[in-house]
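What follows is a single structure, written as structure tokens, with notes after it.
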Amino acid sequence: MVVTAMALATLLGFAGLAADVGFAWNKRRQLQTAADAAALAAEHELLAGQSGALVQSATDDAARNGFTAGVGDATLTVNNPPASGLYAGNSQAVEVIVSQPQPAFFLRVLGFASLAASARAVAASTSASTCVYVLDPNADAALMLEHGAHVTMQCGVLVDSTSPTALVASSGSSLSAPSIGVVGSYSSDGGSSLHPAPTSSIATVQDPLADLEPPAVGACNYTSYVVSHGSQATLNPGVYCNGISVTDGASATLNPGLYVLDGGGLTVEGGARLSGSGVVFYNTQGAAAYGPLVLANGSQVTLAAPLSGPLAGILFFQDRAVASPPPSVVANGSQASLTGVLYLPTSTLSFANGSGAAGAWTVLVARDLAFTNGSTDIAADYSSMPAGSPIRQAVLVE
């Protein structure tokens with residue numbers, strides 16, 4: 001009887017251990033989900049430059065995933081930079097540790113009132129795998145390919161429109177990219193192709209540069225600046241009121257720096273040439289009415305964004321406050337090498353008749369985007385950029 005009682009007690013102890021450890025393990029999986037969500041939320045704040053919001057954002061996202069800090073001895077710790085692990089000391093990473101003791105049940109008879117349960121996650125930023133963002137929230141054909149346009153991209157495509165025809169490919173057009181996502185859905189006629197087939201009903205697409213600070217606009221340095229027929233000119237950074245025009249047969253070289261287009265926009269006419277490295281255009285209005293970016297038939301344009309500074313990687317930045325501006329056009333066989341981000345958050349951007357963005361890498365962020373006729377290739381070789389793509393995404397790394 002004694003031996004039987006002892007054996008029964010031992011079996012009950014093992015059963016209790018298994019039950020309590022199993023419960024704690026299940027709780028730890030829940031904690032890990034909360035830690036992962038909290039770390040990603042905090043990293044998103046860090047990417048947005050809101051370092052003071054890391055703890056609150058992590059706490060809120062942990063709560064949305066079933067973990068409430070301060071309740072039942074639950075604790076949440078946010079470390080930027082991480083205090084341990086592979087990313088210790090990395091100011092661009094965030095570590096979140098969540099902990100909540102779990103009550104023991106069967107093991108109480110052995111003197112254990114609770115079992116420790118905790119989880120840790122580290123999030124950091126990396127180059128985004130997407131390079132085309134179409135931001136119109138509800139338009140039909142927000143992304144349009146028509147009349148035999150053939151577009152090849154080395155990076156992903158996201159379309160925010162909820163329309164059932166948010167992406168339209170017609171008249172023998174094609175789009176090839178590593179991934180294509182659409183908040184609504186898409187339409188492709190019999191002679192057109194989309195590869196791979198787009199994923200419909202994805203989550204809402206956010207403006208990836210919504211937190212990018214616009215530069216200050218000072219007084220005019222130049223007004224209605226024109227490089228006329230056959231002449232050559234070297235331009236310096238400054239405020240160009242009523243824009244810059246390079247006309248037929250002229251050639252203009254841009255010194256590195258910021259070019260503010262205070263009305264008038266940028267126009268490069270057929271037969272004209274424009275080149276510059278380390279340049280940024282900020283396109284706004286005030287001194288004159290807003291003017292778009294127009295690279296016309298037969299123009300030759302080679303432009304590259306700066307590699308460092310607050311606008312690193314940004315080539316063309318349209319003022320977000322400009323509502324319903326006229327479309328920007330890279331048109332009619334223009335030879336365009338555009339290395340950088342073309343950021344037109346409230347504007348349509350159109351590539352026509354085989355025009356290209358054949359820089360080492362190009363990111364397109366526009367309200368609406370259209371490709372018509374001919375071939376356009378979008379590359380994604382960020383090797384020249386010290387930190388990779390200017391568009392960053394938060395990922396779990398530990």
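The values are calculated or read from the model by the stated rules, or taken from the named source; none is laboratory data. Because the structure is predicted, anything quoted here is derived from the model rather than measured. No Cβ is skipped: glycine too gets one built from the backbone with ideal geometry, and neighbour counts run over all protein chains shown.
If the condition is being at pLDDT below 95, of a type in the set (A, V, I, L, M) and loosely packed, with under 13 Cβ neighbours inside 10 Å, then the range 189-209 contributes only Ala203. Flag: Leu158 does not match the condition of being out of contact with any Ser or Thr (no Cβ under 7 Å at 6 or more places or on another chain), over 30 Å from Ala74 (Cβ atoms), assigned by TED's automatic domain parsing to the domain that holds Asp207 and among the hydrophobic types (A, V, I, L, M, F, W, C). The number of residues in the range 64-73 being surrounded by fewer than 18 Cβ atoms within 10 Å (Cβ to Cβ) and modelled with pLDDT under 90 comes to 6. Checked across the range 352-371, the condition of being of a type in the set (Ser, Thr, Tyr), in a strand (DSSP E or B) and farther than 20 Å from Ser129 by Cα holds for no residue.
Please count how many residues of the range 161-178 are among the small types (Gly, Ala, Ser) and either under 14 Å from Val134 (Cβ atoms) or not assigned by TED's automatic domain parsing to the domain that holds Pro208 (or both). Number of matching residues: 5.
Within the range 375-396, the only residue that satisfies the criterion of being among the small types (Gly, Ala, Ser), closer than 20 Å to Val122 by Cα and either surrounded by 19 or more Cβ atoms within 10 Å (Cβ to Cβ) or assigned by TED's automatic domain parsing to the domain that holds Gly85 (or both) is Ala394. For the criterion of being out of contact with any Gly (no Cβ under 7 Å at 6 or more places or on another chain), part of a helix (DSSP H, G or I), assigned by TED's automatic domain parsing to the domain that holds Ala123 and closer than 14 Å to Gln102 by Cα, Leu31 passes.
Filtering the range 46-58 to residues that are surrounded by fewer than 21 Cβ atoms within 10 Å (Cβ to Cβ) and either hydroxyl-bearing (Ser, Thr, Tyr) or closer than 18 Å to Ala128 by Cβ (or both) leaves Leu47, Ala48, Gly49, Ser51.
Residues in the range 229-248 that are small (Gly, Ala, Ser), without any contact (Cβ under 8 Å) to a residue 24 or more places away in the chain and surrounded by 14 or more Cβ atoms within 10 Å (Cβ to Cβ): Ala233, Gly238. In the range 85-101, the residues that are part of a loop (DSSP other than H, G, I, E, B) reach residues that are aromatic (Phe, Trp, Tyr) with C-beta atoms within less than 6 angstrom, at least six apart or across chains, in these pairs: Ala93/Tyr87. The numbered conditions (1) crowded, with 17+ Cβ neighbours inside 10 Å; (2) under 26 Å from Ala360 (Cβ atoms) are all true for Asn297 except (1). Among the residues that make up the range 109-131, is at least one of them charged (D, E, K, R) and either modelled with pLDDT under 90 or in a helix (DSSP H, G or I) (or both)? The answer is no, given that none of the residues of the range 109-131 is charged (D, E, K, R) and either modelled with pLDDT under 90 or in a helix (DSSP H, G or I) (or both).
Among the residues that make up the range 245-257, is at least one of them touching a Cys at 6+ places or on another chain (Cβ under 8 Å) and closer than 30 Å to Met385 by Cα? No, because not a single residue in the range 245-257 is touching a Cys at 6+ places or on another chain (Cβ under 8 Å) and closer than 30 Å to Met385 by Cα. Got a number for residues in the range 57-81 being out of contact with any Ser or Thr (no Cβ under 9 Å at 6 or more places or on another chain) and among the β-branched types (Val, Ile, Thr)? Result for the range 57-81: 1.
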